[in-house]
Amino acid sequence: MQNENLDITEQKKPASRMKYLQLVDYINSLIEDGTLQIGDQIPSLNQLQTQLRMSKETLLKGLNYLLEMGVIEAIYRKGYFVKKVSINHSCHVFLLLDKMNVMREQIYRSIFKSLKDVGDIDIYFHHHNYKVFEKLIKENLGNYTHYIIATFLKEDVTDVLNLIPAEKRIIIDYNQQGLSGNYSCIYQDYGYDIYCSLLQLQDRLKKYEKLILIARPEAIHAQQVIDGFLHYCVKSELPYSIESNVEEKNFRKGNAYITFSRYDTDDVSLIKLAKKKGYELGKEIGLISYNDTAVKEILEGGITVISTDFEMMGKAAASVILNKNIIYKRNPTKVIIRNSL
């Protein structure tokens, strides 16, 4: 239904309310009383200017606010249309993740728990596909108050990310380089984390003859992990190797393995080989895995892990929105020692 003749001049507007918010209040009241419903078109910019006697700049500011909150949507060459019926929350968050797994779910739940009373969250996934990543961001520019994004793409995504105003940009997990402005980032320092974690495990590693890193070359953060691993091995004078896959021909008693496979398939392969050859995990074969899960807590009596605190990462991202500040910090990583080492 069209609403070209709505008389906004009759609406009472408190003098203490900023002008662009008077428009927001009015549009919201029309939605709440049913005059405007989802899918309805609101008056054009020219009509609003005539009725309200506000400048186009003020009106656009109010409309942009409604866009960011997800209350209205802009359709090219048609105008603005009602998208939702409530504006009770103070923030509208665009959450873009690479995929959904146990770790990403921890981030999402932490953000949701922190913001559930003040914000709406829309979640998207790019699945490490640059075109999907670019399309999702470009199509949603100006539609949200904040953008929380995990990248992990091989392509350079800085130009796309720089399209988002810096103060609205919150990068999580991977410390994307080359971004402009004063923005927030809560990241893992993969090289530093593995180096410090291996130092913490040094006494347990002494019983093994060789330390092997299973590093999948397609992983975007592989080189940082390799650099930290090499730093530790060279400094500790421990024999080492870096392999892209678990292979039976290289599997030896006395080896300790570090894995960070996307789907933990390397952990399963190593456990199977240990059983096949009759080696006891944690004594004759060592295993350190990245990222803790409930399964790793009980599998084979427990798998030793190097794991960042994903719940804390989500809380930190939410705190940027709640406290209206900018933070740039490394997310803490911990070592959980279990029977596999």
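The values are calculated or read from the model by the stated rules, or taken from the named source; none is laboratory data. Please read all numbers here as calculations on a predicted model, not as lab measurements. Positions of Cβ are backbone-derived with ideal geometry, glycine not excepted, and every protein chain shown enters the neighbour counts. Ligands, DNA and RNA are stripped out before the accessible areas are found, and what is left, the full protein with its side chains, is counted by its heavy atoms. Shrake-Rupley method; radii C 1.70, N 1.55, O 1.52, S 1.80 Å.
Couple of notes before you dig in:
- A search for C-beta distances below 6 Å between a residue of segment 160-177 that is under 26 Å from Glu311 (Cβ atoms) and free of Cβ contacts under 8 Å to residues at least 60 places away in the same chain and any residue that is of a type in the set (A, V, I, L, M) and open to solvent by less than 40 Å² (accessible area, probe 1.4 Å), counting only pairs 6+ apart in sequence or on different chains, returns Leu161/Leu179; Ile171/Ile149.
- Residue check for Asp98: within 30 Å of Asp292 (Cβ to Cβ), open to solvent by 20 Å² or more (accessible area, probe 1.4 Å) and not polar (S, T, N, Q): no
- Taken over segment 276-286, the residue count meeting the criterion of being loosely packed, with under 14 Cβ neighbours inside 10 Å and within 17 Å of Ile298 (Cα to Cα) is 1.
Condition check ((1) modelled with pLDDT of 85 or more; (2) within 30 Å of Asp264 (Cβ to Cβ); (3) in contact with a strand residue (DSSP E or B) (Cβ under 7 Å, 6 or more places away or on another chain)) across all residues:
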residue	(1), (2), (3)
Asn28	no, no, no
Gly39	yes, no, yes
Asn64	yes, no, no
Tyr76	no, no, no
Gly79	yes, no, yes
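- When the test is whether a residue is closer than 29 Å to Leu63 by Cβ, open to solvent by 30 Å² or more (accessible area, probe 1.4 Å) and β-branched (Val, Ile, Thr), Val160 does not pass it.
- If you go through segment 44-62 and pick out every residue that is touching a residue at least 40 places away in the same chain (Cβ under 8 Å), within 38 Å of the chain's Cα centre (by Cα) and either under 20 Å from Asp122 (Cα atoms) or surrounded by fewer than 21 Cβ atoms within 10 Å (Cβ to Cβ) (or both), you end up with 2.
- Looking only at segment 171-210, and only at residues there that are in a loop (DSSP other than H, G, I, E, B), of a type in the set (S, T, N, Q) and buried (at least 20 other Cβ atoms within 10 Å of the Cβ), the one that is modelled with the highest pLDDT: Gln188
- Checking Leu238, Leu273, Leu213 one by one, the residue that is more than 19 Å from Thr333 (Cβ to Cβ), in contact with an Asp or Glu (Cβ under 8 Å, 6 or more places away or on another chain) and open to solvent by less than 70 Å² (accessible area, probe 1.4 Å) is Leu273 and no other.
- Count of segment 211-235 residues which are assigned to a helix (DSSP H, G or I) and either touching a Cys at 6+ places or on another chain (Cβ under 8 Å) or more than 29 Å from Asn129 (Cβ to Cβ) (or both): 6
- Phe112 meets each of the listed conditions (1) under 17 Å from the mean Cα position of the chain (by Cα); (2) modelled with pLDDT under 90 apart from (2).
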